[in-house]
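The next block holds one structure in the form of structure tokens; read it before the comments.
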Amino acid sequence: MKLFPIRGGIHPAYRKQATAEKAIVALLPLPARLYLPLQQHMGAAAEALVQPGDRVKKGQLLGRGVGPVSAAVHAPTSGRIAQVAELTAPHPSGLPQLTIVLEPDGQDEWAELAPPIADPFAADPKAIKERVAQAGIVGMGGATFPSSVKLDLGTRLKLEILLLNGAECEPYLTCDDRVMREHPSEVIDGARIMAHALGAPRIVIAIERNKPQALDAMRLAASAFPAIEVVDVPVQYPMGSERHLTQAITGQETPARKLTADLGVVVHNVATARAVHHAVRFGRPLLSRVVTVSGGAVKEPKNVEAPLGTPVADLIDFCGGLSETPKRLVSGGPMMGQPLPSSEVPVVKGTSGILALTTAEANERPTQPCIRCGTCVTICPCGLVPVEMAAHIRKDDLDGAAAWGVMDCVSCGSCSYICPSYIPLVHYFNYAKGRITAQDRERRKQDEVKRLAEARAARLEKQAQAKREAAARKAQAESPAP
Amino acid sequence: MLLAVGSVAVMGVTLGVLLGAAARYLAVEGNPLEAELQSLLPGSQCGQCGFVGCAQAAAALAKGEAPVTLCPPGGKAVAEKLAAKLGVTVDLSEHEEKGPHTAFINEALCIGCLRCIQECSTDAIVGANKQMHTVISEACHGCEKCFKICPTEAIVMRPVLVSVGTWHWQKPMPEHATQH
Amino acid sequence: MRLIIDKSGPFTHAPVSVQRIMATVILALVPATLFNIGLFGWPALFLFVVTVGSCVAVEAACLMLAKRPVKPVLTDNSAILTGWLYAMSLPPWAPWWTGTLGAVFAIALAKHVFGGLGQNVFNPAMVARVALLVSFPVQMTLFVAPHPIFGAGSPGFVESLAITFGPGATDAVSAASALGYVKNELARGIPVADTLKQLSREALDPGLRHLPDLMDLAIGFKAGSLGETSALLVLLGGLFILARGIISWHIPVAVLGSLFLFGTVFHAIDPTRYAPGYFHILSGAAILGAFFIATDYVTSPVSKSGQLVFGAGIGALTWLIRTYAGYPEGMAFAVLLMNALAPIIDQHFKPRAFGRTRKGDPLPIAKGEP
């Protein structure tokens, strides 16, 4: 298959060898408590359906999705609800978030599950989307966008390709690699079901060339299906970015503020495909995920199939504990992952990795003045000028930064990674994007307030007018009498 | 010599007549700056600035009789926009930002007197006579009019807390000492 | 375990640093420098040491005056590189104070007045060179023919001290640089083509004052400033930093390409009046300028398209100044002129953003209508 080049990018030290040959192991024993935030996804938080003290079974619905973009939360094992409380979120803010605390009873007793969809390829796509929504499946590459919403794109747009993302371009992470090596037929089956739901005739599975075993396994599993093509893509960060992978495969650039679906391409992660397979074929909701536990401070790096809600500390203990205090504890990969405020926070649906990075690995140094070397401009996969954007943000000129395109930045981290002056470029952009979004929110609220105030003024005026007219009528009615 | 003097004189007279005519026939009713400034203000007529309503506040701003930081519900964002429109510089780091607040009705104290409902300029309070009232926080912009009028002090102003959904990264720390 | 979160990702970093970039560029200059010091003897070495030392001292003094920490800035190697490049633009037997005064111009005036590393608009080494050239034209154009360091007839160590640190201008036998020679001869009414025909190996004999031949131009057995004499070794250094990814090909190719183009085209029009393209490229500071001066990060545009425009401008201006202006060499002036334009070039030659047209509007959707 002909591939197309993508702009810029970097080749970081991949450091995948620590876990690439480690087969997926299940987390044993179960943690004493599982912490299940009601928002593990993009969109609205789920609504809790259980009370403290309730007994729940494995797979039972604990939180129901609210509104069009939301996702359900289920019990990863049987046990008792200990608490529904505001607890620290696995999020850099360290702010609390409504979380269901489940005490496992050790029985691991299943609830009654939805019946398997016997022949998903004959089933109505709607039924598959409903099942995926019921199962609480979200994008497991880290974006955590509810998958059922993304599967619905086929009703609005004509789709050509389901692009299955197995690039896994983040350093350290090998969870997708292992899933593809160990469960290729589950991934392929899930992909076929998703393609059916989307109405996409072709499936392309893109895997970076540094995963030859995964490529072999997936090619073998896909050989029976002519509609599926397994493609090896160059090792180039950020190949796994949805828009860049689409460009590499189709040669088409997704226009700004549009979706890849507008080009007829929908991208899903390989682990998501596997979760869809489980939900459709066995009625099993999303209860666990494969997490790469790695980093120089972890004694025995592993790939662990961990129940959602497992505290990070339990996961690290399972991997032999820490050999030193890490400089950074990261959820996800080191490029786009989020720093964690504590090891007490849980694994959630989007946690692809838990990295305990040493000072040497993080390689943080004091910032030096920018020497305008232009490397950030050369490598920016989005064609932006990080040096100019950061200069404007440093001077609090957010409008200037926006004019240079800061809102087009995908925060891939390439510019920060390569900067010889160690300027936290992406931090500047994250700040600017957050600030501009907050300002937009503020402006929308102000417009709404103005609208309400004007509506009220108009209503009062109308009432006054009606009163005046009534008074006038009354006066008229009374006046001829005397 | 004469030609030069003459032509300059003619030019001066012509332009003067043109300007005079323009001033008379193209005059703009009212002050356009006032209208523009008013469009930047929240428009809820809450009166916290000390003026009767937003139009009066805009007039004072246009004359330079009021500071750009006059609007508490608008906060820093409105102050910045006003400063940009008026072309004045304002040091907002000194400006004590109270942060957005919304009204909250203590249900135990509310007697259902309806006064706050009548006062609210954005219809953010719902309830009926002799029944408990409640605030729709999405519509409340924290003008404090209800807070001031409530006879039983059942209304409190609560700060809008940052949540995981609204949080964003702060500006990176001042850089290394080698940088200015 | 709780952790402090003061920084967003990424949490890994390429093993790069400003120090290392500067050191690599310096390393690339070492062969040409050694060759030239060997070629011009002890005075060249003294001048070189004084110039680089002065730059470092002025940098330290400026930092102390500004009450900024000295050590982290001084160890970034940028002052050494500036001094090095400035030293390479000096005539090898120039008096010591040209180095020191130039250091003040380069570091204090061109760099720290603008706010230090990364803030300067103009290339510090070239500011110093131009300032000194305009102020002291005699000392700055007093080129000597090669005097190999241990060669017969070359000044000894003590004698050399007198040349560099002595009171007056040296009375050593002087020789014109190739560019100056062509210009002088043209002024005397001798066509360029005839002057070039004099290219001869005999140039090694300083008494003949003939131009070096093509081979000598390239290798560097000729009169000239420290860095301009060995085109081949400078080119080698330039290719080294190109291979190490310190610079990209855009600026050097654009500079040399436009210089060569102008030279060749006009030579074809009138060979008696204009020197050929290859002569322009191999003489003067063309190679040094294209690879080491014009590519200075701080004072050149950041985008590739901008770099091409910037380099082409330098090449064209260099040719223009060499051909029509009063000075035989125009590289320094050309670089400074284009430095002033670099911010504007950066404004207008941005890369195209992903998913947008050059103007910044979202791309139209090619197919798959919604």
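List of remarks:
- Highest-MSF residue in chain B out of B:Q170, B:Q38, B:Q131 [GNM, Cα springs under 10 Å]: B:Q170
- Amide H contacts of B:H101 (H built 1.01 Å from N, under 5 Å, at least 5 apart or other chain): B:V160
- Charge dipole (debye, nearest 20) of the stretch C:1-137; +1 at Cβ of Lys and Arg, -1 at Cβ of Asp and Glu: 340
- Under 13 Å, Cβ to Cβ, from A:P346 - net charge with Lys/Arg +1 and Asp/Glu -1: +1
- Straight-line cross-link reach from C:K67 at under 21 Å between alpha-carbon atoms covers these lysines, not counting any fewer than eight positions away in the same chain: C:K111.
- Applied to the stretch A:207-212, the Karplus parametrisation 6.51 cos²θ - 1.76 cosθ + 1.60 on θ = phi - 60° returns per-residue 3J(HN,Hα) values of 10, 5, 5, 7, 10, x Hz, with x for Gly and Pro.
- Normalising the Debye intensity of chain B to I(0), with uniform scatterers on Cα atoms only, and taking log10 at q = 0.09, 0.12, 0.15, 0.19 Å⁻¹ returns -0.53, -0.76, -0.98, -1.23.
- Cross-link table B:K145/B:K171; B:K85/C:K350; A:K395/A:K445, entries beyond 31 Å C-alpha to C-alpha: B:K145/B:K171
- J(HN,Hα) series, the stretch C:4-16, from Karplus relation 6.51 cos²θ - 1.76 cosθ + 1.60, nearest Hz, glycine and proline x: 7, 10, 10, 8, 7, x, x, 10, 8, 8, 4, x, 10
- Phi-derived couplings, Karplus 6.51 cos²θ - 1.76 cosθ + 1.60 at θ = phi - 60°, listed residue by residue for the stretch B:128-133: 9, 3, 6, 10, 4, 9 Hz, with x used for Gly and Pro.
- Under the convention that each Lys and Arg Cβ holds +1 and each Asp and Glu Cβ holds -1, the size of the dipole of the stretch A:1-77 around its Cα centre is about 280 debye.
- Test item: A:334-345 mean partner chain Cβ contacts at 10 Å: 4
- Most mobile listed residue (B:G64, B:G53, B:G16) in chain B, GNM with C-alpha springs under 10 Å: B:G16
- The fewest-to-most ranking of C:M331, B:M157, A:M336 by surrounding Cβ atoms within 10 Å reads B:M157, A:M336, C:M331.
- Helices in chain A, meaning DSSP H runs of at least 4 residues, each add -39500 (n - 2.57). Divided by all residues, the mean residue ellipticity at 222 nm is -10500 deg cm²/dmol.
- Assigned charges on the beta-carbon of Lys, Arg, Asp, Glu; the stretch A:147-294 dipole about Cα centre (debye): 380
- Taking every alpha-carbon pair under 8 Å whose residues sit at least 6 apart, chain B reaches a relative contact order of 16 percent.
- For the stretch A:108-174, the relative contact order is 18 percent, taking Cα pairs closer than 8 Å that sit 6 or more residues apart in sequence and dividing their mean separation by the residue count.
- Burial order of peptide ranges A:193-201, A:362-370 (average beta-carbon count within 10 Å, highest first): A:193-201, A:362-370
- Surface/4 estimate of mean projected area, convex hull on alpha-carbon atoms of chain A, nm²: 30.9
- The mean sequence separation of alpha-carbon pairs under 8 Å and at least six residues apart, normalised by the residue count of the stretch A:370-482, gives a relative contact order of 21 percent.
- Shielding by partners, peptide A:423-430 (average Cβ within 10 angstrom, other chains): 5
- Candidates B:L15, B:L109, B:L33, ranked by Gaussian network fluctuation over chain B, Cα under 10 Å, top entry: B:L15
- Taking amide hydrogens as placed 1.01 Å from N in the peptide plane, the amide H of A:T88 sits under 5 Å from those of A:Q97, each at least 5 positions away in sequence or on another chain.
- For peptide C:64-70, the mean count of partner chain Cβ atoms within 10 Å of a residue's Cβ comes to 1.
- Value of D in µm² per second that Stokes-Einstein yields for the stretch B:32-86, Kirkwood Rh from Cα pairs, at 37 °C (0.692 mPa s): 310
- Neighbour-count order for A:H74, A:H278, fewest beta carbons within 10 angstrom listed first: A:H278, A:H74
- For A:V298, the amide hydrogen comes within under 5 Å of the amide hydrogens of A:S323, A:A356, counting only partners 5 or more places away or on other chains and with H modelled in the peptide plane.
- Set of aspartates and glutamates with alpha-carbon distance to A:K126 below 12 Å, sequence-local pairs under 8 removed: A:D152
- Neighbourhood charge, 13 Å Cβ-Cβ cut-off, centred on C:I345 and excluding it, Lys, Arg +1 and Asp, Glu -1: +1
- Normalised by 2.2 N^0.38 Å, where N is the number of residues, the C-alpha radius of gyration of the protein assembly as shown stands at 1.20.
Rule-based calculations on the coordinates, nothing more; no lab input. Since the model is a prediction, treat every value here as computed from it, not as a measurement. Counting neighbours? That spans all protein chains shown, and the Cβs are built from the backbone with ideal geometry, glycine included.
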